[in-house]
Amino acid sequence: MDEREQEQGKTNRDGITTQCIIAEETNQEIVDCITKQKKRPKGTLLLAFGLAVLICGGIFSAILYLSSPKGYQNYTVQKEQYYVEYSEQYDYWDVITVEYPQLNGIKDTVQETLNNLMYDTAMDRVNYWHLAPSDEVKDFQEEFFTMFCSDVNCDVTYHSQYLLSMDYREYYSAGNPVWMTNGTERALTVDLLTGENYELTDILEINKEFMKLWDRAYSDELDEDYGDDEELELILSWFLQENEEINVNYVCSPFFYVTEDGDFTVGVSLDPILERAYTYQPINRSFYAELTAEEIEPFRKESDFWERYDNSETAGEVLPCEDKKENIWLGEDAGIWKHEY
């Protein structure tokens, strides 16, 4: 029998090459199989892995980009002012300077909703005491009113492609600027895509642990001692609007706004309902503290707000109020602040 020698190569699914040398001699077949690991250069493997990661990452980023709402980049926020100086339409004098923001450049229906909300929020105390008084307020007017004054300044503190946040600070005189001047504060943070107004309790769990955090920031700012448990319980009842005794004489209005740096100012205002508007001297019943996003993270609630906030970048443009008038009774240079009590 002729001797034959045959070399045959096979590759299995693990990348192993089997080389078999088969020889036939004298009716005896000897098979010698030598198995060798086929080695690939490390650089090639790393390069292939890196390319795969880049491709997968690009695909994932593209999916996120396409699935995420785009928001608005080029909208404007124009500040305007409601101004009245002695209208002679009432049995008392009126001097009103109310600054408020107005949006332009987003979806029409949402824009109209938010513009109405931002205007109404600015006019809140003016409506309560002057333009749309209840019967109880009308009785109070007849007894005490010689003048109604209001001075509101609005600061648009944060504007991104998704969110708009603003702070309203007001001094108003419900009867007489010398003896009945109250300071207050309120705020709005709204969703430019949906028109939703986010309340403080929508985004944060307001409880005793939160009040400890808030009180530390508030007390540090004023260089005061921290509140004890009883004081914290009282302030918590203001934030939750659960203090029946306080609610008889005041409207407790918790608020928050996002600052330019992305921190959070959290506070509560106590607005007098009737007789407590008589102050004898200007008084401000707003209490607030600034907290970082990291500090309040443990108190986050499930809310669309946080997805918007976490993905926000500065967008839009805020335009100042043109020809803004100063309130002659409650403005920065008004004589009320120099009066000796």
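A short reminder: the numbers here are calculations on the coordinates, not readings from a lab. Every value quoted in this text rests on a predicted model; they were computed, and no experiment measured them. All Cβ positions, even for glycine, are placed from backbone atoms using ideal geometry, and neighbour counts span all protein chains on display.
At-a-glance table
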quantity	calculated
Sites TRP337 and VAL251, calculated FRET efficiency, Cβ-Cβ separation with R0 30 Å, nearest 0.05	0.75
Taking region 76-338 and dividing mean pair separation by its residue count, relative contact order in percent (alpha carbons under 8 Å, at least six apart)	23
Total formal charge among the other residues, if their Cβ is under 13 angstrom from that of SER173, Lys/Arg +1 and Asp/Glu -1	-2
Point-to-point label distance, GLU295-ASP220, nm (Cα→Cβ direction, 7 Å offset)	0.5
Entries of LYS107/LYS325; LYS79/LYS325; LYS138/LYS324; LYS212/LYS301 with Cα pairs more than 20 Å apart	LYS107/LYS325; LYS138/LYS324
Under 13 Å from the TYR83 label point (7 Å along Cα→beta-carbon), backbone N, region 322-336	322-328
Simple label model, 7 Å out from Cα along Cβ direction - GLN241 to GLU136, nm	1.5
Gain in span if fully extended, ASP91 to CYS321, counting 0.36 nm per residue against the direct Cα distance	79.8 nm
Where labels lie 7 Å past Cα in the beta-carbon direction, separation of THR314 and ASN115 in nm	2.6
LYS70-ASN207 FRET efficiency (beta carbon distance; Förster radius 35 Å; 0.05 resolution)	0.45
